[in-house]
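Peer 1: Sending over a structure as structure tokens; questions will come in a sec.
Any read-out appearing in this document is the output of simple, stated calculations on the displayed coordinates, not a laboratory observation. Small disclaimer: the values here were computed from a predicted structure and weren't measured. Note that each Cβ is placed from the backbone with ideal geometry, even for glycine, and that neighbours are counted across all protein chains shown.
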Amino acid sequence: MPEAARILFAGLFTAAVCLAAGTAMLSRLPLRLTRGEHWALALPLGAPLVSMAVFLTCALGIARVPVFAAIGVAFLAAAAWRWPRRLPPAPGIPRRWRGTAAFIAIPFGVLYLLHAWSPEYSPDGASYHLGVVGRYLRAHGFERITTNMYANLSQGVELLFLFAYAFGRHSAAALTHLAFLGALPALLLAYGRRTGCGGAGAFAACLVFASPVFGIDGASAYNDVAVAALLLTVFYLTRLWAEQPSLPLAAAAGMVAGFCYGCKYTAFLAVPYGLLAIGFSAWRKRLPWAAHLGVFSAAALAMIAPWLIRNWVYLDNPFSPLLNRWFPNPYVHISFEEEYRHLMRHYEGIRSYGMIPAQVLYRGEFLAGILGPVFGLAPLALLGLRRPQVRALLLAGVVFGLPYFTNIGCRFLIPAAPFAALALGMVLTGVLPARMRWLAVAVALGHGWLSWPTQVEKYSAPGAWRMPLPDWRAALRLKPESEFLQERLGGYGLARLVERSTEPGARILVFTPLPDAYCERDLLVAYQSAEGNQLRDILFTPLMPEALPVGRQEFAFDPGRYRRLRIEQTAAGSELWSISEARLYHRGQELTRAASWRIRASANPWGIGDAFDNNPATRWRSWQRIEPGMSVEIDLGAPAGVDRVVLEMSNDQYQVRMRLAGLDADGHWRTLAETAAATESAPVPAALRRAAGLELQARRVDYVVVRDDEWGAEDFRSQADAWGMTPVAAGDGGVVYRWIHP
Amino acid sequence: MRVVLFSLLLLPACRPPGDWQPLPFQRPALTANDESVLRSFVRMSDPEAPRHFLGGISSSLEAGSWRWTRKRPELKLFVRPGSVGRLRVEFAVAEDTFRETGPVRVAFFVNGSRAGEQRCPRPGQYAYEQPLPTGLLRPGALNTLAFEVDKAWISPADGEALGLILLAAGFLP
């Protein structure tokens, strides 16, 4: 029980500190707000300040509990110093809506609280959201993580999680996110009341709060609901600015808009939206727009720049893991980025966009989560297009919903859904004839009934991401956390096994993510970084016939003396180009590779050594689709006789076409061969598995974890000695291997 | 100011990606004669499987997963020190040969000593797996594994003997 109390304290403390920071800020803004508005806006306004304070502690390497405690106390003291007094009450809402809201808020609130309080077992929360947070806390600040692309994303909400995690670990982070799930309906209600549509606000609050995907996401250590609350805050503040324009308010709106980017890249649209909204209002009111937009931009940049700089310093790409074609770097491959983006747009099981409505409304097995069938009424909001309020909401919803097309998972509708819900509420409570307004209450109650976990279970598809009824014993830690996680979290047992069977500081290659929030080891997930991609490629080369370096492409040409040789790609296509080894010959003898040789490649230049290391298990790969002009170049240091170049290649590159150019002794580039000739395949190199294993050892991989159901698992098990590995632990669905000769 | 900051952000993109690099460390070639490259258990689909054959196994891989054996196939396998021994042989009796031979017996030999026997009353797939007596295997050295089918199918065309369909064989920890 003391553990449960500590967790609850940590979550409440974090939320209170954010509220305090927001309160202190609001008290300095020249704004006339109602009591409800003040408390609804305080959390999303304070969150950027607290998050940025945590960012500073991480940058300074002082992310420790006492420092966070001091920050928390400072914000609480600032709020107490500027405690809001005499705030006017908000306009009332009809009694029927008070009852409806309470009818939904109380049971769902208890449900969510118990879920968030229970040990965190959400897929992303238990892996990268909190895995990275744990690493920061152990390192007392930012670590240069180049092997996990998720760590490269902006982490504004995760830094709030870090604050909570320091006091109460995983569940405290989920409780922090839950605070945003509380703020979101409060904002909808407050905005509805401000615009004279209290019923609509209550309707939207009910829809959003009870929605299954909002519930499971908001009660887990994710960040989508927090981002939705922040986007709604940007909308709110720009509307307030239109009524009460001031530079401080423009700064506050800019800060929250910039923080949206700081929480999730896809929320960057808050910045252009805010600029356009304020710019348009300023133009209509004939206000000095430049000053207001300048202040808005500066505040937004202050929130965005730290993340750009961090990524620039650590990863050579301010927008990592995106835009790698613009900012080439050795940490995320261009081909991976393209493939990942494609996967996010094309979920498995979704054969056409026509399947999406059913998926996001009530089925949910392919797009992870459901909004609830009642959101199918959202198009009715279009009936209110004649009303400026509805138009503004729908416009914001469309803008913030645009990134959905980059990731069609249900939770990527969360940013737009509150706007649609409020617009729908305005139609059902304001546009419909008075005698039909009971419909809105019925719809809200029906939504609540349909969204209760036992009901969702009846109509959603098996496998849909949804919340089960909570285990209150787990929430109160009367049931051991490990027992609960073993039941609910796939891979938990294996993560613990890895931790028990490896030493601190070990680098462990895994092919499928483990819940690394529960494993304090350096897990190198194969797909999450360029390094991981390469390690997997080396390890799988002996297993995949198409990856074996048995193909031979030969350039034969007139003997001559050349200082440089350049192999140029002449084709365009979807395949990657790779070379296992490039060998130069003169009169039938291979030229000995000399220390004076230099090599380079136009694509993936960091890996070109793999084509010249005499290791058949490694290969240079372009890691981007082939295009004419790509090249691999060898500088021999001084002109040398060459009459043949042989490329040892895998046979998985049918589109590749190459020509060879040479820089002769006179300094002139000449085309030596327009095409390469494929010669007879070579035998499979001896001891390829051992070569792959040795290479992984050389690249400081200490262990390899293979799940029993993963491709290649049987080979690793039965041929462990051929790889040079031996199992050190097995169970919980996987085997931990280490090298026989470390 | 914004122009300066934006320009700074673009700086990484200006870095030439094609810098010259020295040659990396040259890995010494691993050869098939190195005992350590041989395995204790080998699957026929493995590209390196033929290195383990001493005789009686076809060089042709069928359907990407199996090879014909003659009457007495034999393999050499390297057993690492410390790995204890179970013998496992995955094989099948083909329906076509079974029509001629009827039920067959397969006897297994490790380092020349008889290690077990499997009766095959029907055509189909079999997996023989038994712990080996202590002392039969030589840890840290090459070991031989042979198995002999009592009746082989003889091709009327060329007199070639076909024994079993072999999928995998060797020693497991």
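Peer 1: What are the aspartates and glutamates whose alpha-carbon lies under 16 Å from the alpha-carbon of A:LYS285, with same-chain residues fewer than 8 places away excluded?
Peer 2: The reachable aspartates and glutamates, counting only those whose Cα sits under 16 Å from A:LYS285, are A:GLU243.
Peer 1: Additional query: Kirkwood Rh over alpha-carbon pairs of region A:206-351, then Stokes-Einstein at 4 °C and 1.567 mPa s: what D in µm² s⁻¹, rounded to an integer? Spell out each step's value before the answer.
Peer 2: On the way: Rh = 17.2 Å.
Reported coefficient: 76 µm²/s.
Peer 1: Give me the aspartates and glutamates in straight-line cross-link reach of A:LYS479: C-alpha distance below 18 Å, same-chain residues under 8 apart excluded.
Peer 2: Excluding near neighbours in sequence, the set is A:GLU3, A:GLU120, A:ASP471, A:GLU487.
Peer 1: Give the order of A:TYR191, A:TYR737 when sorted by the count of other beta carbons within 10 angstrom, beginning with the fewest. Before the final figure, lay out each step's value.
Peer 2: Values: A:TYR191 29, A:TYR737 24.
Listing A:TYR191, A:TYR737 from fewest to most nearby Cβ atoms yields A:TYR737, A:TYR191.
Peer 1: For chain A, with only Lys/Arg (+1) and Asp/Glu (-1) charged at the beta-carbon, what is the dipole magnitude about the Cα centre, in debye rounded to 20?
Peer 2: Result for chain A is approximately 3780 debye, rounded to the nearest 20.
Peer 1: For an R0 of 35 angstrom, estimate the FRET efficiency from the Cβ-Cβ distance between A:TRP81 and A:GLU338 and round to the nearest 0.05. All intermediate terms of the calculation are to be shown ahead of the outcome.
Peer 2: Numbers: r = 52 Å, r/R0 = 1.49.
Calculated transfer efficiency: 0.10.
Peer 1: Going by how many other Cβ atoms sit within 10 Å of their own, how do A:VAL110, A:VAL704, B:VAL104 line up, fewest first? Don't skip to the answer; put the middle values down first.
Peer 2: On the way: A:VAL110 12, A:VAL704 24, B:VAL104 20.
If I rank by nearby Cβ atoms, fewest first, I get A:VAL110, B:VAL104, A:VAL704.
Peer 1: When all alpha-carbon pairs of region A:441-497 are counted, what percent fall beyond 20 Å? Please report the intermediate quantities before stating the final value.
Peer 2: On the way: 756 of 1596 pairs.
When all Cα pairs of region A:441-497 are counted, 47 percent exceed 20 Å.
Peer 1: Please compute the volume of the convex hull spanned by the alpha-carbon atoms of region A:570-677 and report it per residue in Å³. Can you show the working numbers first?
Peer 2: Numbers: hull volume 11.5 nm³, N = 108.
Each residue corresponds to 107 Å³ of Cα convex hull volume.
Peer 1: How high is the FRET efficiency from B:ALA107 to A:ALA5, r the C-beta distance, R0 60 Å, rounded to 0.05?
Peer 2: E between B:ALA107 and A:ALA5, to the nearest 0.05, is 0.30.
Peer 1: Going toward the positive end of the dipole of region A:558-629, with +1 on Lys and Arg Cβ and -1 on Asp and Glu Cβ, which of A:ASN614, A:ALA594, A:LEU576 do you reach last?
Peer 2: Farthest towards the positive pole: A:ALA594.
Peer 1: What is the extension gain from A:ARG700 to A:ALA678, computed as 0.36 nm multiplied by their sequence separation minus the C-alpha to C-alpha distance, in nm to one decimal? Don't jump to the answer; show the numbers that get you there.
Peer 2: On the way: separation 22, 0.36 × 22 = 7.92 nm, distance 3.57 nm.
So the chain would gain 4.3 nm between A:ARG700 and A:ALA678.
Peer 1: Give the dimensionless ratio obtained when the Cα radius of gyration of region A:656-735 is divided by 2.2 N^0.38 Å. Could the numbers behind the result be given before it?
Peer 2: Values: Rg = 21.3 Å, N = 80, 2.2 N^0.38 = 11.6 Å.
Cα-based Rg divided by the globular estimate yields 1.83.
Peer 1: Most exposed first by the Cβ proxy, i.e. fewest other Cβ within 10 Å, how do A:ARG169, A:ARG98 rank? Each step should come with its number before you reach the end.
Peer 2: Numbers: A:ARG169 21, A:ARG98 13.
Sorted ascending by nearby Cβ count, the order is A:ARG98, A:ARG169.
Peer 1: Could you work out the per residue convex hull volume over the alpha carbons of region A:478-632, in cubic angstrom? Intermediate results must be reported in sequence, preceding the final value.
Peer 2: Working: hull volume 25.3 nm³, N = 155.
It is 163 Å³ per residue.
Peer 1: Percentage of Cα-Cα pair distances in region B:68-151 greater than 21 Å, rounded to whole percent? All intermediate terms of the calculation are to be shown ahead of the outcome.
Peer 2: Working: 1075 of 3486 pairs.
For region B:68-151, the share of Cα pairs beyond 21 Å comes to 31 percent.
Peer 1: Oh, and also: In µm²/s, what is D for chain A at 25 °C and 0.890 mPa s, where D = kT/(6 pi eta Rh) by Stokes-Einstein and Rh is the Kirkwood radius from Cα pairs? Before the final figure, lay out each step's value.
Peer 2: Details: Rh = 28.2 Å.
Rounded, D is 87 µm²/s.
Peer 1: Could you calculate the FRET efficiency of B:ARG72 with A:ASP708 from 1/(1 + (r/R0)^6), where r is the beta carbon distance between them and R0 is 25 Å, rounded to 0.05?
Peer 2: Details: r = 35 Å, r/R0 = 1.41.
Efficiency, from the Cβ-Cβ distance: 0.10.
Peer 1: Further question on the same structure: What relative contact order, as a whole-number percentage, does region A:141-208 give when Cα pairs under 8 Å and 6 or more residues apart are counted? Walk me through the numbers on the way to the answer.
Peer 2: Details: 44 pairs, mean separation 12.6, N = 68.
Once normalised by length, the contact order is 18 percent.
Peer 1: Rounded, prolate or oblate: pick one for region A:183-281, where a ≥ b ≥ c are the square roots of the eigenvalues of its C-alpha gyration tensor, a/c under 1.5 means rounded, and failing that, prolate if a/b is larger than b/c, else oblate.
Peer 2: Details: a/c = 2.67, a/b = 1.23, b/c = 2.17.
Oblate is the answer for region A:183-281, as a/c is 1.5 or above yet b/c matches or exceeds a/b.
Peer 1: Excluding residues on the same chain fewer than 8 positions from B:LYS71, give the lysines whose Cα lies under 26 Å from its Cα.
Peer 2: B:LYS151
Peer 1: Determine the shape class of region A:650-702: with a ≥ b ≥ c the square roots of the Cα gyration tensor eigenvalues, call it rounded for a/c under 1.5, and otherwise prolate if a/b is greater than b/c, oblate otherwise.
Peer 2: Working: a/c = 3.09, a/b = 1.81, b/c = 1.71.
Cα axes put region A:650-702 in the prolate bin.
Peer 1: Sticking with the crude label model, points 7 Å out along Cα→Cβ, report the distance from A:GLU554 to A:ARG286 in nm, one decimal please.
Peer 2: Using points 7 Å along Cα→Cβ, the separation is 8.5 nm.
Peer 1: Ordered by packing density, taken as the mean number of other Cβ atoms within 10 Å over each peptide's residues, highest first, how do A:10-23, A:659-672 rank?
Peer 2: A:10-23, A:659-672
Peer 1: Could you give the length gained by full extension between A:PHE405 and A:LEU276, i.e. 0.36 nm per residue of separation minus their alpha carbon distance, to one decimal place? Mind dumping the intermediate values first?
Peer 2: Numbers: separation 129, 0.36 × 129 = 46.44 nm, distance 2.20 nm.
Taking A:PHE405 through A:LEU276 to full extension adds about 44.2 nm, to one decimal.
Peer 1: Another question about this same structure. To the nearest 500 deg cm²/dmol, what mean residue ellipticity at 222 nm is calculated for chain A from DSSP H runs of n ≥ 4 alone, each contributing -39,500 (n - 2.57), summed and divided by the residues?
Peer 2: Counting only the DSSP helices, I get -15500 deg cm²/dmol.
Peer 1: Report relative contact order for chain A in percent, whole number only (criteria: Cα-Cα under 8 Å, sequence separation at least 6). Don't jump to the answer; show the numbers that get you there.
Peer 2: Working: 1522 pairs, mean separation 92.7, N = 742.
This gives 12 percent for chain A.
Peer 1: Between Rg and the Kirkwood Rh of region A:122-180, both from Cα atoms, what is the Rg to Rh ratio? Display every interim value, and only then the final one.
Peer 2: Values: Rg = 10.7 Å, Rh = 11.4 Å.
Result for region A:122-180 is an Rg/Rh of 0.94.
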